[in-house]
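Worksheet for the structure shown next.
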Amino acid sequence: MTYRELCARLHEAGVPDPERDAAILMEEALGLSSAGLMARRNEYFDDPRLNEWARRRASREPLQYILGRWSFMGLDFSVCPDCLIPRADTELLCEEALRSLPRGGVFADLCTGSGCIALSILKLRGDCRALAVDLSPEALAVAKKNAKELGVADRVTFLLHDVTEPLPGDESFDLIVSNPPYVPTEDTKALEPELYHEPMLALDGGGDGMSVIRPMLTHVPTRLRPGGKLLIEFGYQSGGLVADLAHEATIAGRLARYEIRKDLSGNDRLLVAEA
Ligand SMILES: C[S@@+](CC[C@H](N)C(=O)[O-])C[C@H]1O[C@@H](n2cnc3c(N)ncnc32)[C@H](O)[C@@H]1O
């Protein structure tokens, strides 16, 4: 097939950005640079891997799972249907985490998935250590693979644990970060086809999207060192609920202060709190 034919096939299948995806699939499958593809865009390729990838993308399998890799914070992560695909929005949380961590800091990443948050922070901050927690053994296996590939495995401990329950042990942290599941259950019934390839455990945040965030906000602050930071990403519709819970936590003395930050689209997205 030619580049144009692949664009047309993906367009017909309803793929949101067919030109971008067609270019990425052709470059990766055929080992071409962007300039190389541009020069050969009218050429017909009969490549078994490209044909298979075209079929999969036209059936709305996410591009990232087809490639098996995706970039986050400028780093390359292995991804597969056992873990959520890292989202560019979550880089806001990482950037705030990098600003907040003291030298030699110890942090926890709750709901680590592919490990993209914890491992990119560790890669960019060679002085820090992390605890990375998830309820899915399959997701933890992906995170462990990524830790090895990024060369940070000696500074991260992985824990299979339900974060709606208090963390075991008594270690306290300079920073706790989390990108938990936060899509309200009702909204999971009408998602883009690509999202049904991702683990529902990574998306479904219960009736109001807060089923993991609510218990976390009760017990997690007690594990922060004085002045320690808590960063939680949440759904665009949950700013009010998260602010109410954070306010309760400040009145109860579990948090000293908090603010709600917006993402690049102007939606409430990130709780930044301090113990
Ligand atoms: C939204 S994904 C985030 C993954 C990754 N941190 C990221 O930003 O791409 C949420 C993750 O939380 C995990 N998870 C869901 N419920 C959990 C729970 N109760 N305890 C621990 N992990 C949970 C899922 O397995 C999934 O890996």
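Read the figures in this text as sums done on the coordinates, not as results from a lab. Note that the structure is predicted; figures quoted are calculated from it, not measured. Glycine also receives a Cβ, built like all others from the backbone with ideal geometry; neighbour counts cover every protein chain displayed.
Structural remarks
- 14 Å beta-carbon shell around ALA22, net charge (K/R +1, D/E -1): -1
- Taking Cα atoms only, the orientation of helix 18-30 departs from the longest principal axis of the chain by about 80 degrees.
- Directionally averaged shadow of the chain, computed from the convex hull of its alpha-carbon atoms, nm²: 15.0
- Near LEU224, once Lys and Arg are set to +1 and Asp and Glu to -1 for all other residues with Cβ below 10 Å from its Cβ, the sum equals +2.
- Among SER33, SER136, SER120, residue whose mean-square fluctuation peaks in a GNM of the chain (springs only between Cα atoms under 10 Å): SER33
- Among the trypsin sites (Lys or Arg not before Pro) in region 89-164, those located in a DSSP loop and surrounded by at most 13 other Cβ atoms within 10 Å of their own Cβ are ARG103.
- Among MET38, MET26, MET73, a tally of other beta-carbon atoms within 10 Å of each Cβ gives an order, fewest to most, of MET38, MET73, MET26.
- Burial ordering of TYR182, TYR3, TYR44, fewest other beta-carbon atoms within 10 Å first: TYR44, TYR3, TYR182
- Helix axis angle, 48-58 relative to the chain longest principal axis, alpha carbon, degrees: 60
- Viscosity 1.002 mPa s, 20 °C: Kirkwood-radius Stokes-Einstein D of region 109-150 over Cα pairs, µm²/s: 213
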